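Below: one structure, written as structure tokens.
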Amino acid sequence: MELRHLLDLGLPLIARGAEPPRSVAPVVAVVRQPDYDFDGWLASEVSRGVVGEKFPETAARVSSAACGWRARFPVKLWARLARDSCTTLIKEAREAVPVIDFVRARVSALDPSEGPVTVLDLCSGLGFLGMLLVDILPPERVDACVLMDLAWPLKGGPREPSKDADSGDKVASSAAERVDGCGRDGNQVGESTKRRTKLNWDHVYGLPWPATLTTRRSDLKLPSTHDQILSRILEPAKGPVFILGIHLCGILSIRAVETFNKGPKCVGLVLKPCCLPAMEYVKRKTQWTLGAHTFAADEVCMWGKYNRNKWQGPLKASLAPRFRTWADNLYRGINAKRKAYTRVPLVEGHYQDAYLIAERDFSAMPPPPLGPEDNADLLIDQVLRAKDEHELLGVPEGVSMRGLRRRWVALTKALGSSTDRPGGAEAFRLVDVAFQTIRAERQGGAAVDGTSERGVALGGVSGDDAFG
């Protein structure tokens, strides 16, 4: 290094053996580096790809809200939420954009005289979705946002001390992983309850929010939880209620649909299902009935789980057809005339991209319970309104022959006792012809005459056109 360069930097030259001076006046003034454009960087990351293409306005609002947290949160709190270089924040924000886009539009369409809305965020994790909603929605239209998760501390109970004061929740993803057996990326995690991380709620109760943001500790897998949601959240609500769930694992997705189907005042549902139910339901020969739709566990369950963050099971890519079947069965089980099945590929090559959206008119009374006759009539109508063979059978196009046969057996069994009802015999025939048509196409043969023409002639509203 040249001596002149050291002088230019303001470093003194000291002769060998001489005592260094105690203080040296700086020769070069310190130049303050410009601030990094954090807001622009975060906005570009959130709106990257399909999110910015489909939801540009909502993506911009979400980015603005998140940047607002950086400006007004205490430094330690913001550092805790963004400690992984904002990776979790960006991921959660991108997943929340389609949900927030629907809720914003639905709230604007509601009559303000019906009262302020209540948002129920199931398996919330740290609550990024609820935090964004209370910042984005008009404050006068929101009564409360309830963050429901098993990892929240009990209100009034002792708080478990954190080993690291700056990482009480150990990032949103790790906390949620241990709650419902599912990571925030849709991965099952097998950990005992003793090792569960407790969420830190300082960002919920320690800050002023435009609307009420509160937590509730609940285990959605328990049958009693639905009764608690009904009696303590839905019935006392001052107005319409939204049921939201991002990355609900296995049976938790069914619980979300059941809550919407049976709950009073529910005007909107957004569900992003996650990993498949465990094989234990197949061993029990479980059948789930959601609305007018019934499906067996062996159609959707799959073995495999995460052990210490390592997947033990079949290749993840091979699970895509079964996940499509899982999401389609959940969609069919939603009891609403206006619903949509939307795919938003946030991550290229990742198959868990389904968003199930439904809405119904506000009513303080719960929907009337469906009896066996109602289920039969709705199933018949669902079959007759189908536009093609796959929609008629309720299977994705990539379904395996084994899955196709299982669905055919389930439908013919359900319709076999309803052939004397109006349209029952025709629905039974169409199910059989649709199965034979798809099987013939898979084997390279000709389709059975009349099925496709019959399905198109009957018509119906597809999921993507339900809100059009």
Would you please put 401-410, 287-296, 68-77 in order of how densely packed they are, using the mean number of other Cβ atoms within 10 angstrom per residue and starting with the highest?
287-296, 401-410, 68-77
Using Cα pairs under 8 angstrom and six or more residues apart, how large is the relative contact order of the stretch 34-99, in percent?
40
Whole-number percent relative contact order across the stretch 241-363, with pairs defined as alpha carbons under 8 Å at least 6 apart:
28
Taking 131-139, 208-216, 345-353 and ranking on average Cβ neighbours within 10 Å, highest first, one gets 131-139, 208-216, 345-353
With an 8 Å Cα cut-off and a minimum separation of 6 or more residues, compute the relative contact order for the stretch 296-409 in percent.
25
Give me the one-decimal nm value for the distance between modelled label points at residue 317 and residue 420, 7 Å along each residue's Cα-to-Cβ direction.
5.3
Of the listed pairs 198/262; 54/262; 283/305; 198/305, those with alpha carbons more than 20 Å apart are 198/262; 54/262; 198/305
Expected sort for 332-340, 86-94 on mean C-beta neighbours within 10 Å, highest first, is 86-94, 332-340
Full extension from residue 402 to residue 441: what is 0.36 nm times the residue separation minus their Cα-Cα distance, to one decimal in nm?
12.5 nm
Which entries of 339/387; 238/265; 91/265 show an alpha-carbon separation above 19 angstrom in the structure shown?
91/265
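We did not get these values from a lab; they are worked out from the coordinates using the rules stated. Values in this document were obtained by computation on a predicted structure and should not be read as measured data. Don't worry about glycine lacking a Cβ; one is built from the backbone with ideal geometry, like all the others, and counts go over all protein chains shown.
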